[in-house]
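A.B. asks: Take this structure first; my questions come after.
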Amino acid sequence: MQLRHLLVCFPLWISCQNTPATPVTIEKVIPVSDPLLFPKPSQESYAQQKKTVKDVKNGLTTATSIEETSRVFTSIMVQHLIPYWVGTPWSFEGHPEQPGTQPVACSYFVATVLRDAGVALNRYRMAQLGPEEEARYLSKNDPYLTLSFSDAASGKKMLAEKIPEGIHFIGFGAIHVGFIYRKGNQMVFIHSYYKNAIGVLIDPVENSPLWEVCNRFYVYPLSGNASFLTRWKTNKAA
């Protein structure tokens, strides 16, 4: 899958509805097609992917290490769920249950993917929150990062210094939410973008128009986060 490069920055003032990553070895692994491990969707349906996700998650035990649990969670997100959503258009009111059927708002994209990954949450409740409140909802009082910066260059430097490998929730100021994924020195935002109802895309951090409208990020780590991953593995509410 090629990353989509956005060349025009556009104000995102009504953009959404709210006021180490290694693929796990399972029977039906989707082929990896780029350095960030985002494959093209397989021929299987999204419903079949959700069943695979459930089976993989249910294969984890209390003896499974946090490192292995993190690899499994990242693989579920990157290989088995997010690729199906890419290209789904944006809508302020969009809240579909699965990709491609209807447009999707940014908050519902995030909440639905996490739910389909097996995170115990109320997607309607989460999607009605603002970006910082969504980080707090997911964190259950765990620490989350608040990154404030004066310009894009300092913001990019801060992300490079603060964000470890793996997938994370990210809130953009007061207006937008998505995921940020890092593999090595490469980082992308994954979000349902407002402009021209573009919708869900994989947005290289260096080129993102979000730098033009946001100077504060709220980041809650999912991969590598022992507290979150333990709750996920044992089905405790996010």
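A.B. asks: Which residue is farthest from Phe172 (Cα to Cα), if the candidates are limited to region 199-238 and must be at pLDDT 90 or above and assigned to a loop (DSSP other than H, G, I, E, B)?
C.D. replies: Thr234
One line per residue, one yes/no per condition, for (1) under 16 Å from the mean Cα position of the chain (by Cα); (2) polar (S, T, N, Q):
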position: Pro96; (1), (2): no, no
position: Gln102; (1), (2): no, yes
position: Arg115; (1), (2): yes, no
position: Pro131; (1), (2): yes, no
position: Ala135; (1), (2): yes, no
position: Thr146; (1), (2): no, yes
position: Gly184; (1), (2): no, no
position: Tyr193; (1), (2): yes, no
position: Gly199; (1), (2): yes, no
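A.B. asks: Could you go through region 208-219 and let me know if any residue there is within 24 Å of Thr69 (Cα to Cα) and either open to solvent by less than 10 Å² (accessible area, probe 1.4 Å) or among the hydrophobic types (A, V, I, L, M, F, W, C) (or both).
C.D. replies: Checked against the condition, which is being within 24 Å of Thr69 (Cα to Cα) and either open to solvent by less than 10 Å² (accessible area, probe 1.4 Å) or among the hydrophobic types (A, V, I, L, M, F, W, C) (or both), region 208-219 yields at least one hit.
A.B. asks: Which residues, taken from region 55-67, are in a helix (DSSP H, G or I), among the aliphatic types (A, V, I, L, M) and open to solvent by 80 Å² or more (accessible area, probe 1.4 Å)?
C.D. replies: none
A.B. asks: A follow-up question, please. Name, by its number, the condition in (1) at pLDDT 95 or above; (2) open to solvent by 60 Å² or more (accessible area, probe 1.4 Å) that does not hold for Pro143.
C.D. replies: (1)
A.B. asks: In region 207-237, which residues are charged (D, E, K, R) and closer than 15 Å to Tyr144 by Cα?
C.D. replies: Result: Arg216, single match.
A.B. asks: Something else: Can you list the helices (runs of 4 or more DSSP H) found entirely within region 68-180 that contain at least 3 residues being in contact with a strand residue (DSSP E or B) (Cβ under 6 Å, 6 or more places away or on another chain)?
C.D. replies: Qualifying helices (runs of 4 or more DSSP H): 106-116, 131-139.
The values are calculated or read from the model by the stated rules, or taken from the named source; none is laboratory data. Computed from a prediction, not measured in an experiment: that's the story for all the values here. Note that we place each Cβ from the backbone using ideal geometry, even for glycine, and neighbour counts take in every protein chain shown. Heads up: the accessible areas ignore ligands, DNA and RNA and are worked out on the full protein's heavy atoms, side chains in. Shrake-Rupley method; radii C 1.70, N 1.55, O 1.52, S 1.80 Å.
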